[in-house]
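Worksheet: one structure, shown below.
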Amino acid sequence: MPSTPIKPKDRSQKPSQPTPPPNNPDDVFCTPLPLAKRRRNTHGLLDLQTSAVREAPATVGPDGAKHKRSQSLKLPIMIKPYWDKATALQVNPATPSSMYNHRIAQLQKQRVAEQELQYLHQHIFIGTASMDDFLNALVMSPDHMTRSSDVIRAFAMLAEREQECFRRKAMFCDREMWELVRPVDPAADNEDFLSLTHIRLGTVSLEEFFCKLECRNPSRECLIPVVAVMKTFERMSRKDIERERDGYMTRAAVFRKWYVDEQVGRDVD
């Protein structure tokens, strides 16, 4: 049986064309195109065109111009930027010039605060000692802590200076009375109860100062914040002022006034 010859393939034939899209306009928007093939319309939104062969139907506007149909994605066109004060420098990084100006303003503010605090420390007194004198005499660590023994030594140094000042200017009382006054020695052991009571600045004793410092037993070494010492000095300064103001009406003050008037009157006669 003779074999049937095989016909060669005709390469001139064109490949079969794909099935054209349906004629129904509503079927155009069934399958979305990739993002790269989408075009932007005049509204700034993505044109959800589904076919590259057949475009969306055009409509005629009132002025006779044709425009393409667009579909809204219901997305906001403008989004209000989020502003957080805590992260303002992260959202809007500061320029070097603004950072420099901010640093200069901060340094000036610190300098003004330091000058104000310095003036107050130099004019807050207990007796003849100011808070600035007390802080300069106080030994403190780099982390601004001090010991109870250092507080006693600083208080005694200022009390000794006050006593020497009155001794030099003594002109009314004789030396026999001054010999009864116990001299203050900052280098001595002043942690006993009698020493704490005898050492005074103005009208404030060292024992009262430690009571306000909440250090009931100064003989036991303990660490004290310098800020607490500063606040205690401020409270005792207020008490010293109140005692001096009210001291003119006490019995001892009235007697001293009469005694001095009598002695000065005799010397004049």
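Some notes on this structure:
- Inter-part distance where segment 163-204 and segment 99-145 are each reduced to a Cα centre, Å: 30
- For the peptides 220-228, 107-115, the ranking by mean Cβ contacts within 10 Å, running from highest to lowest, is 220-228, 107-115.
- Neighbourhood net charge (13 Å Cβ-Cβ; Lys/Arg +1, Asp/Glu -1) for residue 255: +1
- Ranked for footprinting exposure by Cβ neighbours inside 10 Å, fewest first, 233, 155, 210 give 210, 233, 155.
- For the pair residue 100 and residue 239 in one chain, pulling the backbone fully straight at 0.36 nm per residue adds 45.5 nm over the alpha carbon distance.
- Only Cα pairs under 8 Å and 6+ residues apart enter the sum, and on that basis the relative contact order of segment 187-247 stands at 30 percent.
- Projected label points at residue 122 and residue 220, each 7 Å from Cα along the beta carbon direction, are separated by 4.1 nanometres.
- Cα gyration tensor shape for segment 122-248, rounded if a/c is under 1.5, else prolate or oblate: prolate
- Working from Cα pairs under 8 Å separated by at least six residues, relative contact order for segment 122-248 is 34 percent.
- In this structure the amide hydrogen of residue 128, modeled in the peptide plane, comes within under 5 Å of the amide hydrogens of 202, none closer than 5 places in sequence on its chain.
- Footprinting exposure proxy for 182, 147 (fewest neighbouring C-beta atoms within 10 Å first): 182, 147
Every number in this text was worked out from the coordinates using simple rules, so none of it is lab data. This one's a predicted model, so the numbers in the text were calculated from it and none came from an experiment. Quick reminder, even Gly has a Cβ in these numbers, built from the backbone with ideal geometry, and neighbours come from all protein chains shown.
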